[in-house]
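Notes follow the structure.
The values are calculated or read from the model by the stated rules, or taken from the named source; none is laboratory data. Remember, predicted model here, so these are calculated numbers, not experimental data. Glycine also receives a Cβ, built like all others from the backbone with ideal geometry; neighbour counts cover every protein chain displayed.
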Number of protein chains: 2
Amino acid sequence: MMDQPKKQPTMMDVARLAGVSTMTVSRALKPNTSVGEKTRQKIQDAAEQLGYVLNSNAASFASHKTGFVAVTIPSINNANFAETLTGLSEGLNNTGLQILLGYTNYSKQEEERLIEQFLQRRPEAIVVTGGSHTDRCRKLLENSGVPVIEMWDQPKSPIDESIGFSNADAAALMVDHFVEQGYERIGFIGGDASRDTRGLDRRRGFVARLEALGLESHRLVSAGSPPVTIREGMDSLVKMLDTWPDTQAVMCVSDLSAFGAISYCIRNGIRVPDDIAIAGFGAYDISEVSNPTITTVDVSAQAIGLAVAQQVSNRLSVQQGNPVKIAAPTILARESTQKSVQ
Amino acid sequence: MMDQPKKQPTMMDVARLAGVSTMTVSRALKPNTSVGEKTRQKIQDAAEQLGYVLNSNAASFASHKTGFVAVTIPSINNANFAETLTGLSEGLNNTGLQILLGYTNYSKQEEERLIEQFLQRRPEAIVVTGGSHTDRCRKLLENSGVPVIEMWDQPKSPIDESIGFSNADAAALMVDHFVEQGYERIGFIGGDASRDTRGLDRRRGFVARLEALGLESHRLVSAGSPPVTIREGMDSLVKMLDTWPDTQAVMCVSDLSAFGAISYCIRNGIRVPDDIAIAGFGAYDISEVSNPTITTVDVSAQAIGLAVAQQVSNRLSVQQGNPVKIAAPTILARESTQKSVQ
DNA sequence: TATGTAAATGATACCGATAACATTTTGCAA
DNA sequence: TTGCAAAATGTTATCGGTATCATTTACATA
């Protein structure tokens, strides 16, 4: 950095140089304002000459509009959330809104801390992942006075609005897929239930669907605290086969853990899906190119982000658009669960 | 959102309720300030009762300290940058600094646009990925008046400071590894050179090292615009083998493309490394659990983030700490390039 | 030319905190 | 009790824009 010898120029400096009032400068630097063409040019020249850079903080302060959207996600090291964030970022690109991003690391306490911090920045909208929060956090969000969007989930009583899908239903879809393929002794590998609420929902949906079909629903392995890694997927499969050797099929809480489980099988001469079927969740890139390819649930993570962005824009603009919809999750049936196509 | 009926309370409201001046409230809400214990309690109670939330914008405005650190990375959908960001985020966690994140999508124009936008927020430090910028962007950064850190690279003439490694040297390391293993006809699969400057550096280092060793250096396949995907890795390997069927070893610009290339081989009965050796770059999780495991370059992406965070803190605190160092990249020799250990 | 309306520009009063310095209170040694 | 330094608190003046309303200018029409 070159230490700036003199302090940065202000709007007043530009106004003086251009021979107008600061108000006119303020207008000239924004689109859609009525400023004479000649004047605008004169002001832009002056600003250029002085190297003037608008001070958004002062502007935010004066106008009570910060242009911030606070966003919390569990982790960035998760392709699904990264995709959602990409969608969000893209969707917000030309709105002039800036994302304030925070990682909760799958902890509600951390989420509360982040929200508390973000509220001080006076965001114009708040986006959180999931519908489960600490009481205090929920209260903070309710009293925030700005639109709150809970994504990646369908809470029974949303704080304000939600854009997501039912993780339980999505897991049930996979159970149905297994059953269609003729599997009956089906297990589930998931993260530590106490933290990953979406993973917990999936497990719940999994168990409920099995029970509804009159099948055994006790083959549950906990793989450690989320996010579940490839390695934990491997280890969990070992545990699964140790405990219930006659397991025919396994649903994993994410594609990563499924990939780990499959890797273990391949390395140890267990054929997938001939000896055991394995499915994932989330439609990560890897599921498409793994060998065998992995049956998974496509939740269109990026579309969620785009939809949230759209909805944020809607809520912040005067003329409210239609509520945004996203597609329901679908099963991508691939090699890892279908003997016939193998 | 519940629409806030009355506007949010200000420090003045809290001061009135607590029977003190706003200055005392201001002090009471910050750590390390001399405020009487009783007074502090009284103020905290009043703030709690009113549901007062500090307005950081006003605070920033008054104090000329925004607490922002602007960060640009090429993409979030890249495990390496995601890790760096995690490290950065973690390292900045208790400093009270908030990251303003932007994605350049591997475009210098986009980077310039982002920097211009970020400067309006008056960040206290700026972190960019790589050492290659548009002229205007470079000028903006030079004149910013705040610390600028270029990461993931070692520019010859850094704008201010850089924390990274030489991508060319790292690629040369891999050439040496191949040669040690007895390979001589070595190819390179990388992204479109015009955009991904780090990928370009790797290719340059690759070619230079081969030439220095007197080996052929023309086996270069361009895999499309970055980031190179798994699928592009597959396609590129096909192209490589079509063009130069006698290729013995291939270095890929990232582990993802390496994984794709290997997947193609596995599916088509080409043995890795017996028929062809394949290496990646970046030490992604997948390289460790792929079958075969993938030889790669460990660049300690997260450590880069942590180091940058550390250095930002250093630069912003009065007593400057020592300049931060990161470990040099190392080869992780795995199955995909070593016939002996297969 | 007179006149009216829209466009362009200006004047003034804040927004809500903190910096810097002034003043009062406290606590303790002399 | 007095005196005095340190701790606690208060006063005042901004920070750099924008909202709002007032005023001037431009231009088309009668």
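Look at (1) in a helix (DSSP H, G or I); (2) assigned by TED's automatic domain parsing to the domain that holds residue B:134; (3) not small (Gly, Ala, Ser) and you find that residue B:158 fails only one, number (1).
The single condition among (1) modelled with pLDDT of 90 or more; (2) exposed (fewer than 12 other Cβ atoms within 10 Å of the Cβ); (3) more than 11 Å from DNA strand C (Cβ to nearest atom) that residue B:12 does not satisfy is (3). Within the range A:129-144, the set of residues being crowded, with 17+ Cβ neighbours inside 10 Å and within 19 Å of residue B:56 (Cβ to Cβ) comprises A:137, A:140, A:141, A:144.
Quick check on my filter: what residues within the range B:128-140 are under 11 Å from residue B:162 (Cα atoms) and within 12 Å of another protein chain (Cβ to nearest Cβ)?
none
Taking the numbered list (1) more than 11 Å from DNA strand C (Cβ to nearest atom); (2) under 15 Å from residue B:15 (Cβ atoms); (3) in contact with a Leu (Cβ under 8 Å, 6 or more places away or on another chain); (4) not in a helix (DSSP H, G or I) in turn, residue B:35 passes all entries but (3).
Would you confirm whether or not the range A:252-266 contains a residue that is among the aliphatic types (A, V, I, L, M), within 14 Å of chain B (Cβ to nearest Cβ), out of contact with any strand residue (DSSP E or B) (no Cβ under 8 Å at 6 or more places or on another chain) and closer than 21 Å to residue B:78 by Cβ?
Checking the range A:252-266: at least one residue is among the aliphatic types (A, V, I, L, M), within 14 Å of chain B (Cβ to nearest Cβ), out of contact with any strand residue (DSSP E or B) (no Cβ under 8 Å at 6 or more places or on another chain) and closer than 21 Å to residue B:78 by Cβ.
Cβ separations smaller than 8 Å between residues 6+ apart or across chains give the following pairs from the range A:307-326 residues that are more than 21 Å from residue A:68 (Cβ to Cβ) to residues that are aliphatic (A, V, I, L, M): A:325/A:307; A:326/A:163; A:326/A:303; A:326/A:304; A:326/A:307.
Report yes if residue A:25 is modelled with pLDDT of 95 or more, near DNA strand C (Cβ under 9 Å from one of its atoms) and on the phi < 0 side of the Ramachandran plot, otherwise no.
Numbers: modelled with pLDDT of 95 or more: yes; near DNA strand C (Cβ under 9 Å from one of its atoms): yes; on the phi < 0 side of the Ramachandran plot: yes.
Against the criterion (modelled with pLDDT of 95 or more, near DNA strand C (Cβ under 9 Å from one of its atoms) and on the phi < 0 side of the Ramachandran plot), residue A:25 qualifies.
Counting only strands (runs of 3 or more DSSP E) that sit completely within the range A:190-279, those holding 1 or more residues that are within 22 Å of the chain's Cα centre (by Cα) and within 16 Å of residue A:337 (Cα to Cα) correspond to A:249-252, A:277-279. Only one entry of A:3, A:45 meets the criterion of being charged (D, E, K, R), modelled with pLDDT of 95 or more and more than 8 Å from DNA strand D (Cβ to nearest atom), and that entry is A:45. Can you tell me which residue in the range A:82-91 is surrounded by the most Cβ atoms within 10 Å (Cβ to Cβ), limited to those that are at the interface with chain B (Cβ under 9 Å from one of its Cβ atoms) and under 18 Å from residue B:99 (Cβ atoms)? Once the filter is applied, the top-ranked residue is A:85.
Residue A:243: in contact (Cβ under 8 Å) with a residue 60 or more places away in the chain and more than 14 Å from every other protein chain (Cβ to nearest Cβ), yes or no? For residue A:243, the condition - in contact (Cβ under 8 Å) with a residue 60 or more places away in the chain and more than 14 Å from every other protein chain (Cβ to nearest Cβ) - is not met. Taking the criterion of being touching a Leu at 6+ places or on another chain (Cβ under 6 Å) and within 9 Å of another protein chain (Cβ to nearest Cβ), the only residue of the range A:39-53 that qualifies is A:53.
Restricting attention to the range A:310-325, the residues that are assigned to a helix (DSSP H, G or I) and of a type in the set (Ser, Thr, Tyr) add up to 1.
When A:328, A:303, A:307 are checked against the criterion of being part of a loop (DSSP other than H, G, I, E, B) and not charged (D, E, K, R), a single residue qualifies: A:328. Any chance the range B:43-59 includes a residue that's surrounded by fewer than 22 Cβ atoms within 10 Å (Cβ to Cβ), within 30 Å of residue B:226 (Cα to Cα), of a type in the set (Ser, Thr, Tyr) and touching a residue at least 40 places away in the same chain (Cβ under 8 Å)? Scanning the range B:43-59, I find no residue that is surrounded by fewer than 22 Cβ atoms within 10 Å (Cβ to Cβ), within 30 Å of residue B:226 (Cα to Cα), of a type in the set (Ser, Thr, Tyr) and touching a residue at least 40 places away in the same chain (Cβ under 8 Å), so the answer is no.
In the range B:53-71, what residues are more than 10 Å from DNA strand D (Cβ to nearest atom) and in a helix (DSSP H, G or I)? Correct list: B:56 only.
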